[in-house]
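Asks: First the structure, then my questions, so here it is.
The values are calculated or read from the model by the stated rules, or taken from the named source; none is laboratory data. Just so it is clear, the model here is predicted, and its values are computed rather than measured. No Cβ is skipped: glycine too gets one built from the backbone with ideal geometry, and neighbour counts run over all protein chains shown.
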Amino acid sequence: MPLHTAILIQREDGAPYSPDFGDVYHSSDGGLAQARAVFLAGNRLPQRWAGRRLFSLLETGFGIGINFLATWQAWRGDAARCQRLHYFSVEKHPLTAADLASCHARLPEVAPLAAELQARWPQALPGWHRLAFDGGRVVLTLLFADITEALPEIDAGFDAFYLDGFAPARNPQMWSAEVFRECARLAAPQATLATYTAARAVRDGLAAAHFRCERLPGFGHKRHRLVAEFRPPHWHRSAVAAAPVPPETPVLVIGAGMAGAAVAENLARRGHPVTVLDAGAGPATGASGLPAALFHPHLSPDDAVLSRLVRSGLLLALRRWPALGPLPGAGDGLAWPAADSGEESSMRETVERLGFPADYLCFLERDALRQRCGLPVAHGGCWFGGSGWLDPRALIRAQLAASGITPRYGARVERLKSGNGVWQAFTAGDDLLASAPLAVLANSHDAARLAPGLCDLRLIRGQMSIVGCAAPPLHSAIAGRTAVIALDCGLAVGSTFAEEDLQPAPRAEDRARNLAALRSLWPETPLQDRAGASADFVGFRAATRDHLPLIGALPDLAAVRAQGLHWRGKPVTKLPRQPGLFGAFAYGSRGLAWASLAAEIIGCHVDGEPLPLEHGLAAAVDPARFVARALGKGIVP
């Protein structure tokens, strides 16, 4: 279902009003004052987060963001604040950026914070959007979804709840027994809750979910408000965050390509000393060493798992890359022309069905697409705003230059061993390369050698061709049946796709195949093909059977085998794991889209923080999923 932005009216008394729900976004007696009196004080903040490593809040109804701004301001002003503040908020109808700015213009007290929020405000795309502030110490995760769909997908424990949907009489779905039960499932020990309403149905619903409520004098014209504490029965299992490792725990990352560099940079930014080992003579010597790579969404008519994962990763990457400085490439749009009239019709229907913002995705007829991309394409197609291409080598160098990272090249890990809480990497001569309590396999298809039995990885050879062209430069990168990227040295075209082909040298026939694909897209191409196949790049990608990466804690196959089919039918997240060992590999051709997401997932696992994506998507990339599938068939892997 398309995500519909909110309709906003500014009333004469200054309160923003929703005509869809017939209610105001905050009290006319003052939004910030209400946030402080009702939600912060109602949850005994900032006192309760004092001295904590991590404090997490969940809000129902982000609205104009006034509760977040008040909480962020209180956190900033508190000398005893928690080290990291995670703020989750569900919003089915987000405001447009313009309406958000209009509302914030009436809040001069938090103007600097509001400006930062506006600058990072995401497009109205369904799913989760993670925004980082204050150097990553304040993390806002916006869940643009219906609340009944969003809450079951959260897998975390929250210390405080802000119930701030429109009034129960106006929007009963936000105050249902299902919502209260989900709050109870997500409540950490000693969790508290606050809301502006004291409606009887709300009190009864919270009580049924084991929240002990107290009615207090209301704010402004409201007679009463509620505060509550979670008091579950003895048999209830509270939501508890994963145990974090001690601060500044060293980490060993194997692989200095897109996957390893992103993981290393994320963990170093969190304060972990990171050693990166790579068998090559330098960074990006494998498939990540291609001169240019595309990044763009994946489309499916039903917005399938693959499409949602690519979107989550791409949006996270686009927020992270600017912090690394200027990178060679272009992110001002990418064209995907249809190959024939049938594909053109299918593209048009998919774009209409998804209903995404036009500055993210739109369908352009042939002439409009020609004008936008610079190619005389034969059919219309998709235009991906904000997509484009990047030089992965420059990205990797920038990431590995981060403080706290020690790269070591020419260091092939032949064997990985665990003992006494430490992972040790050895050479073929059994010399110790490095050791650390935590290790991450980010070495593409070679990860299967160090962690055998997880799944069968497909090895895919790709050859990208660099060709001269006397024509005017393209206006944008091209994707589709082949990729075309304008570089200073010519056009990058391709690449080919060949499974289990181990030839490392460029082939003339593969170059001819790439040039034929270019001519089919651009029949009048004025090629100057003097360099030959020697100018081409060859890389080997790893992919899984389900086309999804392996990201997260690696399963303990010995423990699974010891109990065999005892694990059959268990959720994949319940399978035993090897302590301190993680994986980030099998990205296929989507390294740019998934590397930043994988790095954030692993960083959250290590530091015991809420994940940046839905439970279902995290399970879809879980490295233990193939083990779980085998067990489901009665096979012990």
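Asks: Inside segment 209-219, can you point out the residues that are more than 35 Å from the chain's Cα centre (by Cα) and not aromatic (Phe, Trp, Tyr)?
Replies: Scanning segment 209-219 gives 212, 213, 214, 215, 216, 217, 218.
Asks: Considering only segment 126-140, I want to know if a residue exists there that is part of a strand (DSSP E or B), over 28 Å from residue 384 (Cα atoms), in the same structural domain as residue 53 (by TED's automatic domain parsing) and under 20 Å from the mean Cα position of the chain (by Cα).
Replies: From segment 126-140, those part of a strand (DSSP E or B) are 127-133, 138-140; that's our starting set.
From the residues that got through so far, the ones that are over 28 Å from residue 384 (Cα atoms) too are 138.
Narrowing the set further to residues that are in the same structural domain as residue 53 (by TED's automatic domain parsing) leaves 138.
From what is left, the residues that are under 20 Å from the mean Cα position of the chain (by Cα) are 138.
Yes: one or more hits.
Asks: Can you name the number of the only condition in (1) farther than 27 Å from residue 438 by Cβ; (2) surrounded by fewer than 24 Cβ atoms within 10 Å (Cβ to Cβ) that residue 280 fails?
Replies: Only one criterion is unmet by residue 280, namely (1).
Asks: Related question: Give the number of residues within segment 340-374 that are in a loop (DSSP other than H, G, I, E, B) and of a type in the set (S, T, N, Q).
Replies: 0
Asks: Looking at 304, 323, 358, can you tell me which residue is of a type outside the set (Asp, Glu) and either touching a helix residue (DSSP H, G or I) at 6+ places or on another chain (Cβ under 7 Å) or closer than 28 Å to residue 396 by Cβ (or both)?
Replies: Values: 304 fails: either touching a helix residue (DSSP H, G or I) at 6+ places or on another chain (Cβ under 7 Å) or closer than 28 Å to residue 396 by Cβ (or both); 358 fails: either touching a helix residue (DSSP H, G or I) at 6+ places or on another chain (Cβ under 7 Å) or closer than 28 Å to residue 396 by Cβ (or both).
Unique residue meeting the criteria: 323.
Asks: What single numbered condition from (1) in a loop (DSSP other than H, G, I, E, B); (2) touching a Lys or Arg at 6+ places or on another chain (Cβ under 8 Å) fails to hold for residue 221?
Replies: Result: residue 221 fails condition (2) only.
Asks: Filter segment 431-450 down to residues that are outside any helix (DSSP H, G or I) and modelled with pLDDT under 95, then give me how many there are. Quick ask: steps written out before the conclusion?
Replies: Within segment 431-450, the subset outside any helix (DSSP H, G or I) is 431-443.
Narrowing further to those that are modelled with pLDDT under 95: none.
Result for segment 431-450: 0.
Asks: Taking segment 400-445, which residues are closer than 22 Å to residue 248 by Cα, of a type in the set (Gly, Ala, Ser) and exposed (fewer than 13 other Cβ atoms within 10 Å of the Cβ)?
Replies: 403, 419, 421
Asks: Turning to a different aspect of this structure: Any residue that is buried (at least 18 other Cβ atoms within 10 Å of the Cβ), within 25 Å of residue 248 (Cα to Cα), out of contact with any strand residue (DSSP E or B) (no Cβ under 9 Å at 6 or more places or on another chain) and of a type in the set (A, V, I, L, M, F, W, C) - is there at least one of those in segment 551-571?
Replies: no
Asks: Restricting attention to segment 572-596, which residues are crowded, with 16+ Cβ neighbours inside 10 Å and either under 18 Å from residue 272 (Cα atoms) or among the charged types (D, E, K, R) (or both)?
Replies: Of everything in segment 572-596, those that are crowded, with 16+ Cβ neighbours inside 10 Å and either under 18 Å from residue 272 (Cα atoms) or among the charged types (D, E, K, R) (or both) turn out to be 577, 580, 581, 582, 583, 584, 590, 596.
Asks: Search segment 597-614 for residues that are within 21 Å of residue 314 (Cβ to Cβ) and pair each with any residue that is among the acidic types (Asp, Glu) and surrounded by fewer than 24 Cβ atoms within 10 Å (Cβ to Cβ) when their beta-carbon atoms are under 6 Å apart and the residues are at least 6 apart or on different chains.
Replies: 614/153
Asks: Given the options 185, 203, name the one that is of a type in the set (Lys, Arg), more than 27 Å from the chain's Cα centre (by Cα) and either in a helix (DSSP H, G or I) or at pLDDT below 95 (or both). Quick ask: steps written out before the conclusion?
Replies: Values: 185 fails: more than 27 Å from the chain's Cα centre (by Cα).
After ruling out the rest, the residue left standing is 203.
Let's see how each residue does on (1) without any contact (Cβ under 8 Å) to a residue 24 or more places away in the chain; (2) in contact with a Lys or Arg (Cβ under 9 Å, 6 or more places away or on another chain); (3) assigned to a helix (DSSP H, G or I):
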{"site": "39", "(1), (2), (3)": "no, no, yes"}
{"site": "59", "(1), (2), (3)": "no, no, no"}
{"site": "63", "(1), (2), (3)": "no, no, no"}
{"site": "70", "(1), (2), (3)": "no, yes, yes"}
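Asks: So residue 246 passes all but one of these: (1) within 26 Å of the chain's Cα centre (by Cα); (2) touching a residue at least 40 places away in the same chain (Cβ under 8 Å); (3) closer than 23 Å to residue 57 by Cα. Which condition number does it fail?
Replies: Failing condition for residue 246: (2).
Asks: Taking only pairs six or more apart or across chains, which ones have beta-carbon atoms under 8 Å, a first residue in segment 313-334 that is among the basic types (Lys, Arg), and a second residue that is surrounded by 17 or more Cβ atoms within 10 Å (Cβ to Cβ)?
Replies: These pairs meet every condition: 319/130; 319/131; 319/132; 320/596.
Asks: Picking from 477, 448, 483, 492, which residue would you name as being surrounded by 18 or more Cβ atoms within 10 Å (Cβ to Cβ) and within 25 Å of residue 416 (Cβ to Cβ)?
Replies: Exactly one of 477, 448, 483, 492 is surrounded by 18 or more Cβ atoms within 10 Å (Cβ to Cβ) and within 25 Å of residue 416 (Cβ to Cβ), namely 448.
Asks: Out of 336, 321, report the one residue that is surrounded by 14 or more Cβ atoms within 10 Å (Cβ to Cβ) and assigned to a helix (DSSP H, G or I).
Replies: 321
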